[in-house]
1. If R0 is 35 Å, what FRET efficiency do you get for R97 and S138 from their C-beta distance, rounded to 0.05?
2. For a protection proxy built on the mean count of beta-carbon atoms within 10 angstrom, sort 124-136, 153-165 highest first, please.
3. Order of 80-89, 138-147 by packing, highest average Cβ count within 10 Å first?
4. Any idea how far apart A90 and A73 come out in nm if each label point goes 7 Å out from Cα toward Cβ?
5. If you rank S114, S72, S103 by how much accessible surface each has, with a 1.4 Å probe, what is the order from largest down?
6. Checking a compactness column here: for the stretch 93-156, what do you get for Rg(Cα) / (2.2 N^0.38 Å), N being the number of residues?
Amino acid sequence: MSARAAAALLIVTACNPTPPAGPRGGEAPAAASPRAAAAAAPSAPPSASTEPLPALLPDGCWSGAEPHGEASAALDALAAACIGGMEPLAGARATFRLGEGESRTTSFTLADESRCVRVAAAAGPGVHELTLAVTGASGRALGASALRASFALMREAGPLCLDAPGEYRATARVTRGAGEVALGVWQAR
């Protein structure tokens, strides 16, 4: 074996310290990664439970908000955690029941475009995932919530600053489950 081939073999062996399976390597090594371990583990029979899988949410202002039973209380908790320094926009809060695939739109008027807004929706028991979108009076999409949870927040990163005063629409849509949903709009003070 040449020196170059021996060096290459040494590098490969150092990068993979588990011996190969086979007649000279002994038994097959145990799974080296959690993914491999999960693939090698015997699968459990499917559960008959209708409980949803927990959402894998990124950290955000909502991380510390405690879930509440009813939609209105859940929206209040989300607002307390994510909408500090803003005030509710008059007439822009609604609570309604939605089935899976159904949506409801609430209109709101922004009198001063320099006062950015936060739009949020939260669901009560039975709703496992909802979406939220904001459009202008012309129907032009201004954004949508990317969270996959029983609440939605426009914009997740902070307030939504609109181009001009006028009429806007916030639409909550239940994508998994059914139940009560509360939607509200807040504006900067």
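The values are calculated or read from the model by the stated rules, or taken from the named source; none is laboratory data. Note that this is a predicted model, so its numbers are computed, not measured. Neighbour counts are summed over all protein chains in view; Cβ atoms, including those assigned to glycine, are modelled from backbone coordinates with ideal geometry. Surface accessibility is based on the protein's heavy atoms, side chains included, excluding ligands, DNA and RNA. Shrake-Rupley method; radii C 1.70, N 1.55, O 1.52, S 1.80 Å.
1. It comes to 0.75.
2. 124-136, 153-165
3. Details: 80-89: 15.4, 138-147: 13.3.
The densest-packed peptide leads the list: 80-89, 138-147.
4. The modelled label-to-label distance comes out at 3.0 nm.
5. S114, S103, S72
6. Working: Rg = 12.5 Å, N = 64, 2.2 N^0.38 = 10.7 Å.
Taking N as the residue count of the stretch 93-156, the ratio is 1.17.
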